[in-house]
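The block underneath contains the structure these notes are about, expressed in structure tokens.
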Amino acid sequence: MTQDIRKLAKQIRKEETALSANHEANFEKLLLAELHQKQPKKGFIKWISIAASVVILASACGWLFLTNENDAIPKNTPTKQITLGTISPEFNTIETYYINSINLEISEIEIDNTNKELIDGYLIKIAELMNEYTLLTKELNTKGVNNATIDALIRNLQLRLELLQQLKKQLSQFKNLNKKNDELQIL
């Protein structure tokens, strides 16, 4: 089965058949057709790429123009708001003390289904006082610093804290009352 490749190659050469008469002409015709084949039109792609470039360039210019225009327009920057804490360091200490105390009292409240109505009533009053505090702060900014407004702001903070302390006291009384009722029902 093993044969020498050289011998096989010599036999194939001897067996070569003659090429057809028009073989060379057919080859030239195929070669010319392949070489002179029309290229796909790139004009359409060229115009699309030019249009895309123009759109990108116009978008970039528009964005830069609008960005610079917005920077050039002076914006109505609010002036520094006057609050109780910005008037003086002493008022800042007072305001910080009351606000921290109010937040502490609120965080210590335990809400149950039994005391929800009581808490809601107090929280509504506190919300009204907070709205009044906002109005007083606006008045402080419009009319300027005066003793009446400062006293009203401090009194507002005190009232909120007092309300929360009353709420806490009533909740503890309500809790004790419920414990007594539960003990009586057990007996």
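The values are calculated or read from the model by the stated rules, or taken from the named source; none is laboratory data. Just so it is clear, the structure is predicted and the values come from calculations on it, not from any experiment. Neighbour counts run over all protein chains shown; Cβ positions are idealised from the backbone, glycine included. Heads up: the accessible areas ignore ligands, DNA and RNA and are worked out on the full protein's heavy atoms, side chains in. Shrake-Rupley method; radii C 1.70, N 1.55, O 1.52, S 1.80 Å.
Might you check whether a residue that is outside any helix (DSSP H, G or I) and among the hydroxyl-bearing types (Ser, Thr, Tyr) occurs anywhere in region 118-137?
No, the conditions are met nowhere in region 118-137.
May I ask you to list pairs of residues, at least six apart or on different chains, whose Cβ atoms are under 7 Å apart, with the first in region 166-184 being modelled with pLDDT under 85 and the second being open to solvent by 90 Å² or more (accessible area, probe 1.4 Å) and of a type outside the set (Ser, Thr, Tyr)?
Hits for this filter: zero, empty list.
What's the number of the condition ILE111 fails, among (1) more than 30 Å from LYS80 (Cα to Cα); (2) in a helix (DSSP H, G or I); (3) open to solvent by 80 Å² or more (accessible area, probe 1.4 Å)?
Unmet for ILE111, out of (1) more than 30 Å from LYS80 (Cα to Cα); (2) in a helix (DSSP H, G or I); (3) open to solvent by 80 Å² or more (accessible area, probe 1.4 Å): (2).
Tell me, yes or no, whether region 139-156 has at least one residue that is at pLDDT 85 or above, surrounded by 10 or more Cβ atoms within 10 Å (Cβ to Cβ), out of contact with any Lys or Arg (no Cβ under 7 Å at 6 or more places or on another chain) and farther than 25 Å from LYS80 by Cα.
no
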